[in-house]
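See structure below.
The values are calculated or read from the model by the stated rules, or taken from the named source; none is laboratory data. Predicted model only: the values in this text are computed from it and were never measured. Note that we place each Cβ from the backbone using ideal geometry, even for glycine, and neighbour counts take in every protein chain shown. Only protein heavy atoms, including side chains, enter the accessible area calculation; ligands, DNA and RNA are left aside. Shrake-Rupley method; radii C 1.70, N 1.55, O 1.52, S 1.80 Å.
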Amino acid sequence: MRKLIFATHNTHKLTEIRQILPEWEILGLTDIGLHDEIIENGQTLEANAEIKADYVYRKTGVSCFADDTGLEVEALNGAPGVHSARYATNGHDFKANMDKLLKEMTGIDKRGARFRTSVCLILNDEKHFFEGIVYGQIITVPRGDEGFGYDPVFVPDGYTKTFAEMDAEEKNSISHRGMAVSKLQDFLLNLLLY
Ligand code: ITT
């Protein structure tokens, strides 16, 4: 099976990517023994995806890709956006982040938001970017136990369930990450064909 390194420490993302790309053996950073913390100090999702892919490519010399994702809330002028992982604390505390978001949105009726993923692939020294966006609404009380991060408060447009009330297959079929990674998949499959 063809192998690809996915530059992440986030096991939830790794599980999703493995489901979206069953044709590849996807190796996360733990699988390759790379435990370094990669400093994501870019100002945009694209910049952070590039920082993560670059770091791992320089360390390993092997083609790889990274994903940076943010929840962009209209009424908060795009926050938490690129700061989604560390919105409430310095760690990746999903519950604290969600609580802070709901607090910031208390009394706000305009609840439109989007998840946006930027994927950076480094292949044979060249960088390629792929984007996926899904629009939806932030609800007031979290629902569901599936997924991760802000999933319990996000209802994608056209649905009544939150991402956390969907199974992985349903989320991946409409999600920001599913969309960005499908574009990456098409790109890789095209390369293999020609
Ligand atoms: P890596 O950088 O190691 O990949 P990370 O968790 O830091 O992992 P991001 O910076 O891309 O990844 O993600 C920022 C945060 O956005 C993440 O910690 C979650 O809280 C949230 N997030 C990302 N993808 C999500 C998704 O599909 N559903 C809900 N929340 C998500």
Legend entry - Which numbered condition F130 fails, given (1) crowded, with 16+ Cβ neighbours inside 10 Å; (2) assigned to a loop (DSSP other than H, G, I, E, B): (2)
Inset, instruction - For segment 39-52, state whether one or more residues are part of a loop (DSSP other than H, G, I, E, B) and open to solvent by less than 30 Å² (accessible area, probe 1.4 Å). - result: yes
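Only residues that are part of a strand (DSSP E or B) and farther than 18 Å from A49 by Cβ: list them for segment 133-150, please. Reasoning before the result, please.
Looking only at segment 133-150, we keep the residues that are part of a strand (DSSP E or B), and these are 133-138.
Once the filter is applied, which keeps residues that are part of a strand (DSSP E or B) and farther than 18 Å from A49 by Cβ, segment 133-150 yields Y135, G136, Q137, I138.
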Inset, instruction - Name the residue, out of K59, K110, K103, that is among the basic types (K, R) and in a loop (DSSP other than H, G, I, E, B). - result: K110
Legend entry - Checking K100 against (1) open to solvent by 30 Å² or more (accessible area, probe 1.4 Å); (2) over 15 Å from F154 (Cα atoms); (3) out of contact with any helix residue (DSSP H, G or I) (no Cβ under 9 Å at 6 or more places or on another chain), the condition it does not meet: (2)
Legend entry - Given (1) outside any strand (DSSP E or B); (2) of a type in the set (A, V, I, L, M, F, W, C); (3) under 27 Å from D186 (Cβ atoms), index of the condition A85 fails: (3)
Inset, instruction - Taking the options T117, T30, name whichever one is within 14 Å of the ligand (Cβ to nearest atom), at pLDDT 95 or above, over 15 Å from the mean Cα position of the chain (by Cα) and of a type in the set (V, I, T). - result: T30
Inset, instruction - Output the residue which, of all residues in segment 115-127 that are outside any loop (DSSP other than H, G, I, E, B) and open to solvent by 20 Å² or more (accessible area, probe 1.4 Å), is nearest to A180 (Cα to Cα). - result: R116
Inset, instruction - Could you identify the single residue in G144, G149, G132, G158 that is more than 15 Å from the ligand (Cβ to nearest atom) and of a type in the set (G, A, S)? - result: G158
Legend entry - Tally, over segment 162-194, of residues that are in contact (Cβ under 8 Å) with a residue 12 or more places away in the chain, surrounded by fewer than 16 Cβ atoms within 10 Å (Cβ to Cβ) and not in a helix (DSSP H, G or I): 1
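Which of the residues spanning segment 133-156 are in contact with a strand residue (DSSP E or B) (Cβ under 7 Å, 6 or more places away or on another chain) and either aromatic (F, W, Y) or open to solvent by 90 Å² or more (accessible area, probe 1.4 Å) (or both)?
Scanning segment 133-156 gives Y135, Y150, F154.
Can you tell me which of T60, T15, T8 is open to solvent by less than 60 Å² (accessible area, probe 1.4 Å), in contact with a helix residue (DSSP H, G or I) (Cβ under 8 Å, 6 or more places away or on another chain) and among the hydroxyl-bearing types (S, T, Y)? I'd like the intermediate steps shown before the answer.
Values: T60 fails: in contact with a helix residue (DSSP H, G or I) (Cβ under 8 Å, 6 or more places away or on another chain); T15 fails: open to solvent by less than 60 Å² (accessible area, probe 1.4 Å).
It is T8.
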Legend entry - Enumeration of residues in segment 143-194 that are among the aromatic types (F, W, Y) and modelled with pLDDT under 95: Y194
Legend entry - G112, sole failed condition from (1) over 30 Å from T60 (Cβ atoms); (2) open to solvent by 60 Å² or more (accessible area, probe 1.4 Å): (2)
